[in-house]
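Heads up: the structure comes next, in structure tokens.
Every number in this text was worked out from the coordinates using simple rules, so none of it is lab data. What you are looking at is a predicted structure, and each value in this text was computed from that prediction instead of being measured. Because the Cβ atoms are built from the backbone with ideal geometry, glycine has one as well, and the counts that use them run over all protein chains shown.
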Amino acid sequence: MTTNGLQRLIMIASGVSDYVEIVPQKSTHLVADNNIGKTSILSTLQFLLIDDWTHMDFPKNRPETEEFYFASRKSFIIFEINDVEGTNHLVIFRGNGLASNKRYTRWLMAGHYDESIFISRNEEGELVPHDWEEVIVNATNQGRSLTEFKNSTDLKRKLRMNPRWLPTKEGTAHQNFITVLKTLNT
């Protein structure tokens, strides 16, 4: 039986990684040498669970952090979430490129994560991230709708209202999570 909440975290051309896919379990361990990206991966949870720059804590300032995670229009951080009714949704943070004054936007797509929507592999097997326009076409071909969140408040409302998608909500439990996450990032 699957519980509601985060089912998968995917990073594409984001941070120090070309591709990261993590399926969290009750106990998930990130093990690697120093400076490989463990903290960067953990820090991405702030986009989903906090999404408020006054409370988010990164080693660098906001412009440098945004450039780090969303260096191009092919940069994605994707969270697959299962709601209390057993339906999966993708919350997508997509890069808008360095030339944009709005470095990333938030999107919602129905369904499980499907790698083919976001990336392909070349003849050598190397990852090739798709442009956002290709993602839209691929999602449409699968009958999936894409909806943009206008701001972080819209995203928070969707995640924390009934039916709640995430087990955290504003209040003590959420504040405790923020404290733990900030402590892990220091």
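For this structure, a couple of remarks:
- Projected-area mean, the range 73-130, by convex hull of Cα positions, square nanometres: 4.7
- Based on Cα contacts under 8 Å between residues 6+ apart, the range 47-155 shows a relative contact order of 21 percent.
- Gap separating the Cα centres of the range 101-146 and the range 66-88, nearest whole Å: 11
- Length added when fully stretched, Ser72-Arg121, from 0.36 nm per residue minus Cα-Cα: 15.8 nm
- Counted by Cβ distance under 10 Å from Asp131, the other residues give a net charge of 0, where Lys and Arg count +1 and Asp and Glu count -1.
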